[in-house]
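Reviewing the structure listed below.
Any read-out appearing in this document is the output of simple, stated calculations on the displayed coordinates, not a laboratory observation. Every value quoted in this text rests on a predicted model; they were computed, and no experiment measured them. Neighbour counts are summed over all protein chains in view; Cβ atoms, including those assigned to glycine, are modelled from backbone coordinates with ideal geometry.
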């Protein structure tokens, strides 16, 4: 008997158990999204949870040649035998500047403060309200709009989506980016705050794998590195 | 205009295009598995492709406290603020010893040699036939059996599944592990060889995210590290 | 001409320039430690800077089978072909829990508040003063003592070392760990705050490379993983 | 007592032991290079081993905005709080395409075949002789020349350096790059083949840390990512 406990799963010689279920029984019955929900939360999803987990994973996965995909492609070009190394290099860029803000949004929504006040306080402290603004989608993030539209249509918009919209009004005209509705919808569907960041990371892994499969067929990594290098000038210290 | 070409996707101010489609139109219509297929191959999947992509992702995702999950949990314990760092550390263990063999299996099946001969040659060279044997599933890998059963039931078993079974006979009594049917079914469904390894990596990312969500609630990382350390004795060089 | 500027170095067809110097002229003249100083700061070190950079790198490099070394060895066992992948997995554990605190210590010392007051405030907020306490060195960290001793002997102890000692008195009886004198000595020698964390990361990379060289000769990775796994019990949810 | 053995080091409450020595006694006596030698091999270096370990580490560390530095800077821009994540992303690019060839060179030199024959066989198999050719140093790699010059001057050039030169003649006019003399000199100085790759990885970590310290002061990461992205055109599939 061990000193620690996990409730996720275990492999035995003749079976694999996951969250108290026989894995062989789940194979062919659950979609990957349903299985991910079971892994992450211990429960099979409701229809709405499954639908929106798919929605969010699809919404956040691919966004063109983002820095994470560029870094991953360069890494594969330098080490073509290690697909996992290139994926890891890409995932390391899933930080708070763009991708990681979904968790910060969840924290903001969970504290439940009055948006006008909170936005004023963050601004006074020189901070940035998470979940608003985007370097490409300057007027409107089409992914955010689509998620909110579906949440309304399916009747899952609750207190957190409403609060996200009040933050939008308080921050206007800066547009709401995709991270805010990810957080709001997940909280309205009962996901714990600590699960929110898992969604963008799994989604971006799918994008990385697609870019790296393309990289193996049509290498761009060294071209990307050269273009980046050319954008920077080396300027030595002046003789003194 | 650029010097290189990608066919995967691009973000414009008011829309995101993925494989020639408007992302907003895909959100809510495609499951994550279907979207992953589109990302990876450029095409939406057939029913069988979608079904078996789900089957394989579910089959390979979770297997208890594997070394990758242990390494990831230790990493999160040491750097609790970086979920992406801990995921990356875990993915780096997705190497050829266990997980990475799906791609080697695909290469073996794609060459199409006679199993008896190939197995004899690999053995004579001191090698190991990929896709057979498992440290826990010593007699039979229940995931492999389940995948083959479903492939037969749904009528997708083709030349590659047949060849995999001939390898099993040639290698007997060593059991076929899960990597071989992943490769065989994917090739029979028309996936390119270079896409095969993407499946276990995406699947294991889901498992890593579940273990790391549990780690944040119920930390085990330092306990795991201590138990590992205790299994090893430091023996200094003898005085000479 | 580029839109950005780097002052570190550049490769030309017939020469490599580093910080305004010809690399060929530095090879054989500078030690690696001196070169690291030049790379990091743009200047060759003074004798004291060189001496203490060596002191700190040696002090922090190796500490037995730390979690970072365990994670790296497991990763190499799973992917034996990728030394860089295993090193990366190890470095990802260089987080704030133990290793990363040198930078937090530097920030604490640079703010220059009164130790008694600062310690009381941190305690009141439920925080932990960085640079004090260690899971193994419960009474005294021999590395910290040795660094302070050398700093006094060589006459480099200045305002930051003095402040570190005042923090020690305020925190007593918790012992000062190695991170605090790393920060204090570096600041007294004129290193910028942002350089402080580079030292433990470079040092630990040396340790990782030694453990991974040993791992290639005498594999422990799978044994470590098994011992860790055995310390944890899988407990499925109770039937409801 | 443990089931496995390490000979590198261990932390006790009041002391840290490394390779049978008290770490406190090594701090202040050994340079980081000497300590790295002790860690890696179990022995303190001879004068020549120390001198050339410094030579090789200095020679290979910095080479301008290489892909590894570009990927690391992008990663820090996306996740500014994780220096270790950015270093890890950079190290993942230390693959066989450029950096990793030192180990392949060592293997080539250790087998000791006749260069003319070996080069002909590699060419016939469509391969590339490791240690020759460089995208920037098209005529001559100044680092390789400088290392060989120093090895001759200090009288350490032995059988492996001689063999490396015979390979150069057999491959001419392709120039010898820096990886070949790293391998040749290390083997002539008695380093084991498995230690060879540790040198470029430690050296490049120093470069990564310098670029990342600059990145924190003068961010280039997003500019590098944008320049890379602009070099690539998105071309959707044609309507069918």
Please average, across the residues of B:143-155, the number of beta carbons from any other chain that are within 10 Å of each residue's own beta carbon, and give a whole number. 2
Treat the count of other C-beta atoms within 10 Å as a stand-in for reagent exposure and order B:182, A:8 from fewest to most. A:8, B:182
For peptide B:124-137, how many partner chain Cβ atoms fall within 10 Å of a residue's Cβ, on average? 1
For chain A, take N as its residue count and report Rg(C-alpha) divided by 2.2 N^0.38 Å. 1.19
Does region C:57-136 classify as rounded, prolate or oblate by the C-alpha gyration tensor (a ≥ b ≥ c root eigenvalues; a/c under 1.5 gives rounded; else a/b over b/c gives prolate, otherwise oblate)? prolate
For peptide A:36-45, compute the average count of partner chain beta-carbon atoms within 10 Å of each residue's beta-carbon. 4
Fewest-first sequence of C:149, C:104, C:43 by Cβ atoms within 10 Å of each Cβ: C:43, C:149, C:104
Specify the inter-centroid distance of region C:76-118 and region A:20-37, based on alpha-carbon positions, in whole Å. 38 Å
Based only on other Cβ atoms within 10 Å, what is the fewest-to-most ordering of B:116, B:229? B:116, B:229
Hull-based mean projected area of region D:133-240, where the convex hull spans the alpha carbons, in square nanometres: 12.1 nm²
Mean separation of Cα contacts under 8 Å (6+ apart) over length of chain D, as relative contact order %: 26 percent
